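Okay, so here's the structure we're looking at.
We did not get these values from a lab; they are worked out from the coordinates using the rules stated. Quick caveat, the model's predicted, so the values are computed rather than measured. Virtual Cβ from ideal backbone geometry, glycine too; neighbours counted across all protein chains shown.
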Amino acid sequence: MINVRSDEPEYAFLWDKQSKTHNRYGASIETVFEADELRDKSLDINDDVGIGDNPNRYKQHGFFLNIDNCIGCHACEAACSEKNDNPAHIAFRSVGFVEGGSFPAYQRLNISMACNHCDDTVCLKGCPTRAYTKFAEYGAVLQDPDICFGCGYCTWVCPYNAPQLDPVKGQVTKCNMCADRLEVGLKPACVAACLGNALDFGVIENIPEGRSQAKTEIPGFPRTDITHPNIRFQQTRSTHREMTRTDSTPLKYHRDDKAGMFKPAVDEKHGRERYWNWKILLSSHENAHAIFTLLSQAVMGAFVLLVIGSLFGSLAVAAPLQQLKESSAWLPLLGILVALMGFGLFKLNMHLGKPHRFYRGFYNLRHSPVSREIAGVSLFFASLSGFALMSLFDHKIAHWLVVLFSITGVLGAALGSWYMYKLYRIPARPFWDHWQTGSAFYETMLSLGSLLIAVVATAINGIDAPLLQLLAVICATGVALENIAHWFHARDLKQAGNEGAAAHYEQTTTFGKTYRLRNALLGVNLLLLITLAAAGASMPGLIATALLPAMLLLAAYTSRILFYALVIPTTMPGAFFWKNEGFVEHARETGLAEMEQMGVVYEGHHKFRLDELLQTIREASFKEMRSQFARIFTG
Amino acid sequence: MAHEILRIQKTYGRDSFAIVSTGQLLTEEFYTLGKPARGCIGTNNYDGNTTLCMSSAVSGYKRSFGSDGPPGNYKDFEHTDCLIAWGSNLPEQHPIIYWRMKEAQEKRNFPLIVVDPRVTMLAQNADMHLAITPGTDVVLQNALMHVILDEGLEDRDYIAANCADFELMEKEVQKYDPVSASKICGIDEDTIRNVARLYANADAAMSIWTMGINQSTHGSDGVVGINNLNLITGNIGKAGGTSLSITGQCNAMGTREWSSCSGLPGYRVLEKPEDSEEIDKFWGIDAEFFPKQRGLTETDIFPAIETGQIKGLWLIATNPMTSMANTERIRKTLEKLDFLVVQDSYADVETTQYAHLYLPAATWAEKEGVFTNTERRVNIVRKVTDAPGESQADLWIFNEVAKRFENGSKIKFPQALSDVFDEMCELSKGRLLDISGMSHDKIEAQRGIQWPYTSEEADRGVEPPAGGKRLYTEAGTFRYADGKAKLIPLPFIDNNEVPDDDYPLWLNTGRLVEHFHTRTKTGKVGNNKYSPIPFMEINPDAAQELGIVHSEYVRCISRRGDAVVMAMCTQRVPENMIFIPFHFHDCVNRLTLGLLDPHSRQPAFKQSAVRVECVEDQQATAQMSMEMRGF
C-alpha cells in the first residue's frame, strides 16, 4: 500500500459516508455483493499483495466536476502526468473549453475530463485483445498495456477520448482511477491537486459537500446513453445560448430549451469553400485500413462470385464464370486473390502498434466485432489459400477439399465482411454509424470483386464479352446501390445535426472537390457499366472496358480514404493548442512536432519484434496457451 | 571576472559596472550578494529585476506607510466582507493563492469585484467585473474615494488616529466626481457609486493587486490609491481589511527585504547615515565605501549602457532579452557592453548570446535556504539533489567573487547557510522585518513563520502563530516618524501611448498559467504544450474587420517593431484591444513601449498601441515563428 503522508491535507481524503443503492440508470452501485468470489482480492498494484481497507471498495466510484469552478489551471493534468510518468504527448486527463457570449459578458467553461469508468464499457467490449477489465474494486475500468497490441479500436469507440493511443510506443494507456490511492482512502491525484475546488471524486451519485447538483449534461459533454458514464457535473451559472469550441472541429453546442440541454450543431468555421486536400488524405494514418478493407472486400467479393458461379455453372447466366474456371486464367486468378489478400492482411497487421502481438486479435470473440472480423477474415484467408492450393491437384481428395474450402471460404467471407461492417457501427462516430457503411462495403465486394475477375481474365484470355457483360451487370448493381446509399447518408447526416453533420460539412468543404469527384465518378462509372453491359464487344463497350478499371479503382479508393478522414468522433472540446486536431496537423506540417515539449508526435510505423514473439512463445507454458485459447470462447 | 570588473571600474569609474539581480534566489543568497555588490565591487548601479514586477508595490507601500512590507496575510480572505482584485488574475498568476481565496469565498461568499480590461477567469467568476480603460485605475480610485467622502462613509476616527495629509488628498479627490471619472475610466457612474458604498460599508474590505496596477506609468500611484482607499475606510491592520500586493516572483519579497538592491539589507536605505553605519560595522568595511543615495534602477541601467556610462554588467537569474520592453533596443544595448556576465541555471537563456562569461548556477532544491512570500512568511527549501555539471549554488559563486576583491578579505563569508541566516537575524533585530526568533529548523517545523518573530518572543517561549499576523494593528504605528500613514493626492496624468488611427488597438500583455516568466524553465517541459507558441487574443469582430482568421499567423506592429503571433479569436477581449502573453522570446516585448513610472521606475508593459496585419505567406511565417522557439 502507498504511504499516506503525515501531513496529507483533509481535502485529499475520500468522504463518502453513505451511498445510494442504484445509480440513475438503474445499475447497482455495489459492484459485487458480499461473499462474491471477486471480493477480498488484492489489486496487485506493483506486485503489492495487500488489500486496501477502503470501506467503499466494492462501490462504483466516479469523478465529479463542478464546471462553475474550473479555472483551467492544468493542475489536475500535471498531477496525473506526474503520477503516471506520462510524456508530454500523452495525457490521461485533459482540459478543454467551450466559450460563449460577447465582451464583457463573455464566458469560458473549462472542462477537465479523464476516463469515466462507464457502466457500459464499450472499450472493454471493443478491445480485441481483452486488455480491458472492469474491476469489482471501485468499478474501475483498467487497461493493461502489456496485453494491448495497439490497434486503437478502443480510442474509436470511447465517446470521451479516454484511452490514449501512443504513436511512439504503439500502445494504449489510460486513467487508472489512481486505484492505489483509493486503497488507502485518498482521492485520485488529479482531484487532490485541484486548485479551483472543481474536481471531486466519490461513490457515484453522491454529491460532495457544498454542492447541489449531480448532472450528466454540460455543453460540450458527449451524449451519455452510449456508455452510461460515471461522471457527474455541477453547473449552476447560466450559460449563453450558443457555446463554441476554439479547436478546429466544426462543432458548437446549442441550447435546446425544450430538452433543457445543449446539443451539438455544425459550426461552419471555415466557410463554404471547397478544397481537394489530397495531401491530408494520402498521408492519413488510416490508409492501411483503406487498403486492407478495399483489398479484402475485393478478394472476398471475387471469391464469392467464383464459388457462386461454379455452383450455378449449369445456368446460362453463370456460364461465363463456369467457362472461366476451365480456362487458363483460373489458377493465376486464384494466385492473385491469395497474394492480394495476404498483402492486405500484412498492411493491416503492420499498422498495429505491436504487430508481433497479432495473435491476440482473437482474444475477445465474445464481445468484440474486431475479434470476430479477424476470425472471419482469417477463416476466409485460410480457406482461400487451401482452395487455391487444392485447385492445383486433379485428385478426388483435392476436389473434395476444394468443395470444403469453398464452403468455409464463403462462411469466412460472410462473417468477416459482416463484422468488418459492424465494427464501424460506432455510436461515438455518427458519420460511420449508418447503414451506408455496410452498403459501401458490400458494394465494394461486388464492384471490385467483379473488376478483379474481369481484369485477370481479360489479361490472360483476352476480351470475353459475355463474361465482361455479366460482371458489368454485377458491378453496376453495386455502384447503383452505392449511389443511392450516399444520397441517404448525406440526407441523414444533415438532419442529425451532430458530429455526423459536422463530418458532412467537412466532406463538402475541406474535401469538397474530392467529394464531388468521387460522386461524379460514381455516376460516370454507372453509365460506363451500363454501356458495357449493353454494348458488349462493340466500340462503346470496348471504350468502357478500357476506362473502367482505373475509374472504378479511383472511385473506390477516394471513397474509402474519405470515409476514414471525415469521421468526427463525439469527443470533448479541445483547447486552442492542446487537444486541437488543427494544431496537431499544423505542428506536424511545420516541424514544430520535432520539439518534444510541443506535446505533438508524428505517426510512426512499428517494427515486427520477432524476438518478443519468440520470447512469448518460449516463456508461455502449454497450459497457459491452452487456457488462453479456452478463454477466447468462455470469455 | 574580478579582473575585468576592476579594469572597467578603473577606467570608467566605480559605477560603470552594474549588477542586475532577480527574485529567484534564496534569501541568504540575496543577503550574501549584497556583500560583493555593495561591499566589494561597490557599484551603486545595483538593482533587481523586481523593478519589472514589484517595484511599484514597494514604492507605494513606502510612500503610504513609510516602509515596504505588505500589511495583510492570506487569512484575511477568511475575514473580509468585500474583496477588490485590481489587475490581478489569481487563477492564472497565483493559482494557489486563488485556492485560498476560493476556499474562503465558498465558506462566506463575500462579494468579489475584479477590475481588469480583459475577461480573465477571475473576472468571469466575479460578482462584478469592472472592465476598465487601460491605465486609468487612479481615476477610478479617486472616484471611489470621491463618493465615499461625499457620502460621509469614511472612517473619521481611524483617519484621525492614523493618517496625515487628509485635506491634501481630499482636495484632489474632489475633482473626480463619478460622472467625469466614468468618461475617462470607462466604468459607469452607478457602478462607481455602488462599489464605493459596498467597499466603505463593509465591516472589513480588502484589495489585492498585481501587474495590472504595478506595470503602469502610475503604478506606484495605483498602489498609493489602494492604500488611500483602505486608510480612509479604516481597512489597514485589521482582519479582512488590507492592501495586499500579490507578489510576482517566488522570492521577490526576499530580495526586497535582504538583497541590498536599491538600499541595504533589512529594509535599510542608503540615504539614512545610521543605516549605512550599521551595515559598515557589521560587515567590517570602511564607513565611506557605501554611496550616499540610491543609484540606478534596472530600467535606468539599460539606458545608461546605451549612452556609455555603464560598460560592464552582471546579470543574475534574469533574462532582459525577453523580459524588458522594446527588445530591439535591449539587443543593441547589450551589444555595447565591454563585459557581460550571465549567471543562470540555464545556459541557453537568450541573454547568454551577448555574454562574455557564463556562470552556471544551481536552482532551488539543488541548494538550501529560505524565501519569503506575499504574507511575509519565511519558508525553507531543502536540498534534494545535486546541481548538474559544473553549476554551483549562487551563494558559493557570490562568496568566490567577493574573495577576489580587496574588501573581500575584510568581510566574513560564512560557508554554513545557517550562519548566513544568523547574520540576517542579527541585522533584523528591532526592525519591522524582525526574524531574529527564527531558525531553519524552526521554520521547517512550523511550515513557515511570518515576520515579525523576535528573539525576545522566542526566548519567552512564544510560539509563532500558524498564520494571520498583520502589520500596523496598533494605532499610529506606521513607519513614518510621526507614526502616521500619508494620504497622498493622486492627480491623473494621461501619458500613455493610446490607440490612434495608425495604431488603433490597445496592446495588453500578461501571464499564462502554464508558463513561468521568460519560459527558461517552462519552455522545455510538457506543460509547454498548453501554449507552445505565441498567440494573440483578438475580438472576433475586430478580426473579421481585418480579415484575420482564427488559428492563422498575423503580424502585430507598433512604433517599436513587429511580432508574429497566431490569432485566437475570442470575446475575452474588447474590440479595441489585443492580448499577447509576455513569456515568449522575440515576441510581444518587441512591441511594448514600457514608459517608466516616475516613482518606481517600473515599465508600463500593459499600455501600448499596435496595429495588426494579415500575413499572406502562412508557411514562411510558421517557419519563422518556429525558429524563434528554439533554445
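For the protein assembly as shown, give the magnitude of the charge dipole about the Cα centre (Cβ charges: +1 Lys/Arg, -1 Asp/Glu; no others), in debye to the nearest 20.
Details: 122 positive and 146 negative charges, 742 e Å.
Roughly 3560 debye, rounded to the nearest 20.
Quick one: putting +1 on the C-beta of Lys and Arg, -1 on the C-beta of Asp and Glu, what dipole do you get for region A:15-242 around its Cα centre, in Debye to the nearest 20?
On the way: 23 positive and 29 negative charges, 160 e Å.
My answer is approximately 760 debye.
Can you compute the label reach from A:ASP225? Point 7 Å from Cα along the Cβ direction, backbone N cut-off under 13 Å, restricted to region A:427-464.
In region A:427-464, the label zone of A:ASP225 (backbone N under 13 Å from the point 7 Å along Cα→Cβ) covers A:427-428.
Trypsin sites (Lys or Arg not before Pro), restricted to region B:554-619: which are DSSP loop and have at most 14 other Cβ atoms within 10 Å? Walk me through the numbers on the way to the answer.
Values: sites: B:ARG555, B:ARG559, B:ARG560, B:ARG572, B:ARG590, B:ARG601, B:LYS606, B:ARG611; in loops: B:ARG559, B:ARG560, B:ARG572, B:ARG601, B:LYS606.
Sites meeting the loop and neighbour criteria: B:ARG559.
Taking the Cα atoms of region A:229-269 alone, what are Rg (to one decimal) and Dmax (as a whole number) in Å?
Spelled out, the Cα radius of gyration and Dmax of region A:229-269 are 11.7, 32 Å.
So what's the projected area for region A:178-337, the Cα convex hull averaged over all directions, in nm²?
The orientation-averaged projected area of the Cα hull of region A:178-337 comes to 20.0 nm².
Starting from the eigenvalues of the Cα gyration tensor, five times each then square-rooted, give me the equivalent ellipsoid semi-axes of region A:343-402, largest first, whole Å.
Working: eigenvalues 171, 40, 11 Å².
One finds semi-axes of 29, 14, 8 Å for region A:343-402.
Enter the Cα centre distance for the pair region A:1-46 and region B:117-182, rounded to the nearest angstrom.
Rounded to whole Å, the Cα centres lie 53 Å apart.
When N is the residue count of region B:55-246, what does its C-alpha Rg come to as a fraction of 2.2 N^0.38 Å?
0.92
Per-residue mean of other chain beta-carbon atoms within 10 angstrom of the beta-carbon, peptide B:556-569?
1
With only alpha-carbon atoms counted, please give the Rg and Dmax of region B:505-627, in Å.
14.3, 46
If you take the charge dipole of region A:256-346 about its Cα centre, with +1 on Lys and Arg Cβ and -1 on Asp and Glu Cβ, which of A:PHE303, A:ALA265, A:TRP330 is farthest toward its positive end?
The one lying farthest along the dipole's positive direction is A:TRP330.
In 5 Å bins starting at zero, report the fraction of Cα pairs in region A:15-242 per bin as a rounded %.
In whole percents, the pair-distance histogram is 1, 7, 14, 18, 20, 18, 12, 6, 2, 1, 0, 0.
Students often check this: by mean Cβ neighbours within 10 Å, which of B:340-352, B:221-233, B:421-433 ranks highest, and how do the rest follow?
Details: B:340-352: 21.3, B:221-233: 28.1, B:421-433: 19.4.
The packing order, highest mean first, is B:221-233, B:340-352, B:421-433.
Anything over 24 Å Cα to Cα? Flag those among A:LYS347/A:LYS579; B:LYS62/B:LYS272; B:LYS292/B:LYS336, in the order listed.
A:LYS347/A:LYS579; B:LYS292/B:LYS336
Could you let me know the centre-to-centre spacing of region A:75-142 and region A:181-254, using Cα atoms, in angstrom?
First find each Cα centre; the distance between them is then 10 Å.
Counting only other chains, and only Cβ atoms inside 10 Å, what mean value do you get across the residues of B:529-541?
Shielding by partners across B:529-541 averages 5.
Could you work out, residue by residue across A:71-84, how many beta carbons of other chains sit within 10 Å of that residue's beta carbon, and then give the average as an integer? Please report the intermediate quantities before stating the final value.
Details: counts 14, 7, 9, 6, 4, 0, 5, 5, 0, 0, 2, 1, 0, 0.
Going residue by residue through A:71-84 and averaging, the value is 4.
Pairs B:LYS35/B:LYS486; A:LYS83/A:LYS354; A:LYS125/A:LYS513; A:LYS269/A:LYS607; B:LYS102/B:LYS238; A:LYS41/A:LYS354: which exceed 29 Å Cα-Cα?
Violating the 29 Å Cα-Cα cut-off are B:LYS35/B:LYS486; A:LYS125/A:LYS513; A:LYS269/A:LYS607; A:LYS41/A:LYS354.
Quick one: pull the percentage of alpha-carbon pairs in the protein assembly as shown with a separation above 50 Å.
The calculated P(r) of the protein assembly as shown puts 39 percent of pairs beyond 50 Å.
Taking square-rooted eigenvalues a ≥ b ≥ c of the alpha carbon gyration tensor, is region A:278-566 rounded, prolate or oblate, where a/c under 1.5 means rounded and, failing that, a/b exceeding b/c means prolate?
Oblate.
Read phi for every residue in region B:207-220 and hand back ³J(HN,Hα) as whole Hz from Karplus 6.51 cos²θ - 1.76 cosθ + 1.60, θ = phi - 60°, with x for Gly and Pro.
With the stated coefficients, region B:207-220 comes to 10, 10, 7, 9, 5, x, 8, 5, 8, 7, 5, 10, x, 4 Hz.
Scale the Cα Rg of chain B by the rule-of-thumb value 2.2 N^0.38 Å and send over the ratio, two decimals.
For chain B, the normalised Cα radius of gyration comes out at 0.94.
What angle, in degrees between 0 and 90 and rounded to the nearest 10, separates the Cα long axis of helix A:610-619 from the longest principal axis of the Cα atoms of chain A?
Helix A:610-619 and the main axis of chain A meet at about 70 degrees.
Looking at A:GLY478, A:LEU562, B:HIS517, which one has the Cα that reaches farthest to the positive end of the dipole of the protein assembly as shown (charges on Cβ: Lys, Arg +1; Asp, Glu -1)?
A:GLY478
Using the per-residue mean of other Cβ atoms lying within 10 Å as a proxy for protection, in what order, highest first, do the peptides B:461-472, A:172-183 fall? Mind showing how you got there, number by number?
Numbers: B:461-472: 16.4, A:172-183: 23.2.
Packing proxy ranking, top to bottom: A:172-183, B:461-472.
Could you tell me the center-to-center distance, by alpha carbons, between region B:354-395 and region A:448-474 in angstrom?
Region B:354-395 and region A:448-474 have Cα centres spaced 79 Å from each other.
Just the projected area, averaged over all directions, of the convex hull on the alpha carbon atoms of region A:17-117: how many nm²?
If you wrap the Cα atoms of region A:17-117 in a convex hull and average its projections, you get 10.1 nm².
Under the rule of -39500 (n - 2.57) per DSSP H run of 4 or more residues, summed and divided by the residues of chain A, what mean residue ellipticity at 222 nm is obtained, to the nearest 500 deg cm²/dmol?
-15000 deg cm²/dmol
Could you compute the net charge surrounding A:GLN234? Neighbours are other residues with a C-beta less than 9 Å from the C-beta of A:GLN234; K and R count +1, D and E count -1.
+2
When the Kirkwood radius is taken over all Cα pairs of chain A, what Stokes-Einstein diffusion coefficient follows at 20 °C and 1.002 mPa s, in µm²/s?
Approximately 80 µm²/s, per Stokes-Einstein.
So, with +1 on the Cβ of K and R and -1 on the Cβ of D and E, and no other charges, what is the size of the charge dipole of chain B about its Cα centre, to the nearest 20 debye? Each step should come with its number before you reach the end.
On the way: 64 positive and 87 negative charges, 205 e Å.
For this selection, approximately 980 debye.
Which value in deg cm²/dmol, rounded to the nearest 500, describes the helix-derived mean residue ellipticity at 222 nm for chain B, given -39,500 (n - 2.57) per DSSP H run of n ≥ 4 and division by the residue count?
That comes out to -9500 deg cm²/dmol.
Could you sort the peptides A:389-398, A:134-143 by per-residue average Cβ neighbour count (10 Å cutoff), highest mean leading?
The densest-packed peptide leads the list: A:134-143, A:389-398.
Among A:GLN597, A:ILE29, B:VAL420, which residue has its Cα furthest toward the positive end of the charge dipole of the protein assembly as shown, with +1 on Lys/Arg Cβ and -1 on Asp/Glu Cβ?
A:ILE29
Could you calculate the FRET efficiency of A:TYR275 with A:SER42 from 1/(1 + (r/R0)^6), where r is the beta carbon distance between them and R0 is 60 Å, rounded to 0.05?
Numbers: r = 56 Å, r/R0 = 0.94.
The formula returns an efficiency of 0.60 here.
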